[in-house]
Amino acid sequence: MSEDLVVPGELPADHRSGYVSLIGKPNTGKSTLLNALLGQKVAIVSDKPQTTRNAIIGILTRPEAQVIFLDTPGLHRPMHKLGEFMVETAKRALRDADLICLVVDVSTPPDAEDQQVIESLWEAGEKDAILVLNKADLVDAQTLAAHAVQYRALASFAEEITVSATRQQNLDRLLQIIIARLPLGPRYYPEDMITDQYERFIAAELVREQVMHRLRQEVPYGVAVAVDRFAERPDGLVHIEATIYVDKDSHKGIIIGRGGSMLKQIGQAARREIEKMLEAKVFLELWVKARPAWRKSEDELRRFGYSLPRE
Ligand SMILES: Nc1nc2c(ncn2[C@@H]2O[C@H](COP(=O)(O)OP(=O)(O)OP(=O)(O)O)[C@@H](O)[C@H]2O)c(=O)[nH]1
Ligand SMILES: [Mg+2]
């Protein structure tokens, strides 16, 4: 831990810190919420379930507290080894958390998937959980109240709060509630550190995000992106080469599109996002390759960084 990076005298005696895991079924807005809380994009977002694949750390440092958020893949019934990795990643984040934020989509009533998430909560043992009723902007007050009753009945929550991650409503209040429930503790990370992810990884994710946005059905789920080259030139331009891997040969053409038009769109949009993150001009070159059935192979998953540290 990096406690020694902080001058002890700077922190108030009641300084709090800890790990807060954002947990929920796919697509409830966990990553949107993380980005909104941090005021910076560290996790990719899409309207399709199962967007997040790794645990993403987001660090929020305030004078009185340091909150280390863990955005996690949505809990679901895995269909292949990649899904198993995702679910295990979320379960470990549950286990390692000081506090849990169960993020639900309050615009719809709870379903079997939410129930499954609650079961995972129980498996993680006795932990404080805050019920975060997200997407409040999508429903009228009456429907919201009716759904809230049903979510509340799923488990016994330490606190409950209604928010809108996209409209940034009630997030300060959520943060207050979180901080009040964290244990006393030091800063674990330097105050200017927002995430522990490498820029190289985020760049790969930003390419995958555009694939998620632009392609339908099973194609985006079989996509993994690897950055092969990430080099800053003396004039400040960042040259990035990345490969988009698909898990069926027939998906290659779909990603490339007619006359290369789809790949061009993906590249342009991803480049803009990467430029925002790096605050630098970027030259992005994309390649497309097939790695049939990679989601089912332990070795292939490891190659793409989808492997858990040994315990
Ligand atoms: N209207 C509305 N939409 C939201 C809100 N929060 C998230 N969304 C949308 O919900 C969709 C899913 O958001 P994500 O943040 O990717 O959800 P997630 O829980 O991280 O999803 P997984 O990573 O797949 O588990 C996106 O289209 C978001 O724009 C909200 O407060 N209001
Ligand atoms: Mg997510």
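The values are calculated or read from the model by the stated rules, or taken from the named source; none is laboratory data. Keep in mind that what you see is a predicted model, and the values were worked out from it rather than measured. Methodologically, a virtual Cβ is constructed for each residue, glycine included, from the backbone with ideal geometry; neighbour enumeration extends over all protein chains shown.
Here are the numbers for this structure:
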item	result
Region 8-40: number of residues that are more than 10 Å from ligand 1 (Cβ to nearest atom) and within 15 Å of residue 165 (Cα to Cα)	4
Residue match in region 257-279 (condition: under 17 Å from residue 83 (Cα atoms) and among the aliphatic types (A, V, I, L, M))	no
Tally, over region 47-67, of residues that are within 10 Å of ligand 2 (Cβ to nearest atom) and either in a strand (DSSP E or B) or in the same structural domain as residue 247 (by TED's automatic domain parsing) (or both)	1
Filtered residues of region 249-279 (kept if part of a loop (DSSP other than H, G, I, E, B) and surrounded by 14 or more Cβ atoms within 10 Å (Cβ to Cβ))	257
In region 141-161, residue farthest from residue 178 (Cα to Cα) [restricted to those that are surrounded by fewer than 17 Cβ atoms within 10 Å (Cβ to Cβ) and β-branched (Val, Ile, Thr)]	143
The listed residue being within 16 Å of ligand 2 (Cβ to nearest atom) and among the hydroxyl-bearing types (Ser, Thr, Tyr), out of 162, 166	166
Pair list, Cβ < 8 Å and 6+ apart or interchain, from region 31-43 residues that are in a loop (DSSP other than H, G, I, E, B) to residues that are more than 13 Å from ligand 2 (Cβ to nearest atom) and polar (S, T, N, Q)	42/195; 42/197
Tally of residues being assigned to a strand (DSSP E or B) and closer than 17 Å to residue 230 by Cβ across region 280-302	6
Any chance residue 164 is crowded, with 20+ Cβ neighbours inside 10 Å and either under 21 Å from residue 309 (Cβ atoms) or in contact (Cβ under 8 Å) with a residue 24 or more places away in the chain (or both)	yes
Candidate set: region 290-311, residues that are exposed (fewer than 13 other Cβ atoms within 10 Å of the Cβ) and charged (D, E, K, R); chosen: the one nearest to the chain's Cα centre (by Cα)	302
Output for region 68-115, where each listed residue is farther than 28 Å from residue 190 by Cα, in a loop (DSSP other than H, G, I, E, B) and within 14 Å of ligand 2 (Cβ to nearest atom)	74, 75, 76
Enumeration of residues in region 112-128 that are in contact (Cβ under 8 Å) with a residue 12 or more places away in the chain and over 13 Å from residue 95 (Cβ atoms)	113, 114, 115, 116, 117, 118, 128
Hey, residue 138 within 16 Å of ligand 1 (Cβ to nearest atom), modelled with pLDDT of 95 or more, within 15 Å of residue 22 (Cβ to Cβ) and surrounded by fewer than 18 Cβ atoms within 10 Å (Cβ to Cβ) or not	no
Residue that is surrounded by the fewest Cβ atoms within 10 Å (Cβ to Cβ) [pool: residues in region 203-236 that are over 19 Å from residue 49 (Cα atoms) and touching a Lys or Arg at 6+ places or on another chain (Cβ under 9 Å)]	235
Region 41-73, residues that are more than 9 Å from the chain's Cα centre (by Cα) and near ligand 1 (Cβ under 8 Å from one of its atoms)	46, 47, 48, 49, 50
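Residue-wise test of (1) modelled with pLDDT of 95 or more; (2) among the hydroxyl-bearing types (Ser, Thr, Tyr).
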| position | (1), (2) |
| --- | --- |
| 7 | no, no |
| 17 | yes, yes |
| 20 | yes, no |
| 26 | yes, no |
| 31 | yes, yes |
| 47 | yes, no |
| 50 | yes, no |
